[in-house]
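> Quick one: structure below, then a few questions.
What follows is calculated from the coordinates using simple rules that are stated; it is not laboratory data. In this text, all values refer to a predicted model and were calculated from it rather than measured experimentally. Cβ: placed from backbone, ideal geometry, glycine included. Neighbour counts: every protein chain shown.
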Amino acid sequence: MEISEILLKATQAGSSDIHIVSGMPPIIRQNTELVMMKEYGDISHDTAWTMLQSFAGERVMATLSKQLDADFATTIENGTRFRVNAHFQKCSIAIAFRAIQSTVPHIDNLGLPEVVKKLTNLPRGLVLVTGPTGSGKSTTLASMIDQINRNTAKHIITIEDPIEYDMISNACVIEQREIGQDCPSFASGLKHSLRQDPDVILVGEMRDLETTSATITAAETGHLVFSTLHTVNAAQTVERIIDIYPPGQQNQIRSMLANTLQAVISQTLCKRIDRPGMVACVEILLCNPAVRNCIRENRIFEINNILETSKKLGMQSLDQSIMDMLSKGYISEDDAIAKAKDPDKLRKTLLSKVPQLV
């Protein structure tokens, strides 16, 4: 059984993810739903291990043996690229593949609010794209970097684990560095990138205190920095960053974050009902003076109110975005309520506007 055959068939079917789990058939995710590829039968541990060895190099296998997890990327013969995680479960090998488009999608084709495109013109500061796993964070970030690459002459450095989209220098000079292959860690890559004359830095993920601190420092020193966090809304993102620091340093980081943070884009994907595919519902926080004061004075709880009352400035809450997608007929009422930040409030809004829908 060839893993390349399974991956090719899965991507031809429009799958976003492929899972190889010992004792089960291959499993694919199509428009958020899991489907078993029963025609291949159950995959044994030995078969899964042989599959992994067929496309993972010695460095990956050594990492897996030492850490019991390994992140890397691979490309099959037709040019489709995958982000891969190999790991163990019940002492058996398992592999998770995430399909990556061969080309970076144009930002205009993602259905994002226009203000997201405008953020690529910022001269400096920190822009965060957040959301749960599989919410399209990497695609949004790549499209923003691509927008800069199309229109301005800058030096862009990305630090990723692993490199996902293969970016080609256009107007910009782009250097992509992979953790474990080009640099030992995010923090190390960030530290040394500041000596490499960058204008724009992309940090794959703010995973820990050292990386978070280095990312904010890079934004403080006059660079435009993009990064991600696994948080579900803007207010939680700010709280998560502050909570990473020890209590004695939190007042200082509030001040630093208030000065450097430019925007938080929090997104989730919903299944489209008007045609096959997914659509992003997006919360957007822009750091105006009111938001900066909330961060500086530890009044994070007021951010949600600012979001809901600042639509003219380009901000919007997640639930406002969901309602917009619902009114356009892109998503179902059930999915809208399930993905809402405040499901009860959204349900009441639907009842008051269109009683027959709920």
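> Please tell me if MET51 is of a type outside the set (Gly, Ala, Ser), under 26 Å from ILE201 (Cβ atoms) and touching a residue at least 24 places away in the same chain (Cβ under 8 Å).
no
> Could you tell me which residue of the stretch 94-123 is surrounded by the most Cβ atoms within 10 Å (Cβ to Cβ), considering only residues that are touching a helix residue (DSSP H, G or I) at 6+ places or on another chain (Cβ under 6 Å) and either without any contact (Cβ under 8 Å) to a residue 24 or more places away in the chain or over 25 Å from ALA13 (Cα atoms) (or both)?
THR120
> Residues that are over 19 Å from the mean Cα position of the chain (by Cα): which strands (runs of 3 or more DSSP E) entirely in the stretch 113-219 hold 3 or more of them? Can you show your working first?
On the way: elements: 125-130, 155-160, 173-178, 200-203.
Of the strands (runs of 3 or more DSSP E) lying wholly inside the stretch 113-219, those with at least 3 residues that are over 19 Å from the mean Cα position of the chain (by Cα) span 173-178.
Here's the yes/no breakdown for (1) under 15 Å from ALA94 (Cβ atoms); (2) surrounded by 19 or more Cβ atoms within 10 Å (Cβ to Cβ); (3) more than 22 Å from the chain's Cα centre (by Cα):
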{"site": "ILE6", "(1), (2), (3)": "yes, yes, yes"}
{"site": "LYS9", "(1), (2), (3)": "no, no, yes"}
{"site": "ALA13", "(1), (2), (3)": "no, no, yes"}
{"site": "ILE18", "(1), (2), (3)": "yes, yes, no"}
{"site": "GLY23", "(1), (2), (3)": "yes, no, yes"}
{"site": "ILE28", "(1), (2), (3)": "yes, yes, no"}
{"site": "ASN31", "(1), (2), (3)": "no, no, no"}
{"site": "LEU34", "(1), (2), (3)": "yes, no, no"}
{"site": "LYS38", "(1), (2), (3)": "no, no, yes"}
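> So, one more: Residues of the stretch 245-260 being surrounded by fewer than 19 Cβ atoms within 10 Å (Cβ to Cβ) and outside any loop (DSSP other than H, G, I, E, B), which ones?
Answer for the stretch 245-260, where residues must be surrounded by fewer than 19 Cβ atoms within 10 Å (Cβ to Cβ) and outside any loop (DSSP other than H, G, I, E, B): PRO247, GLY248, GLN249, GLN250, ASN251, GLN252, SER255, ALA258, ASN259.
> Starting from residues that are over 17 Å from SER317 (Cα atoms) and under 25 Å from the mean Cα position of the chain (by Cα), keep the ones in the stretch 289-304 and report whichever is surrounded by the most Cβ atoms within 10 Å (Cβ to Cβ).
The residue in question is ILE295.
> From the list ALA280, ALA340, ALA263, ALA336, exactly one residue is in contact with a Ser or Thr (Cβ under 8 Å, 6 or more places away or on another chain), in contact (Cβ under 8 Å) with a residue 12 or more places away in the chain and surrounded by 20 or more Cβ atoms within 10 Å (Cβ to Cβ). Which is it?
Numbers: ALA340 fails: in contact with a Ser or Thr (Cβ under 8 Å, 6 or more places away or on another chain); ALA263 fails: in contact with a Ser or Thr (Cβ under 8 Å, 6 or more places away or on another chain); ALA336 fails: in contact with a Ser or Thr (Cβ under 8 Å, 6 or more places away or on another chain).
Going through ALA280, ALA340, ALA263, ALA336 in turn, the sole match is ALA280.
> Continuing with the same structure: Just for the stretch 153-180: of the residues that are loosely packed, with under 15 Cβ neighbours inside 10 Å and polar (S, T, N, Q), which one is nearest to THR74 (Cα to Cα)?
SER169
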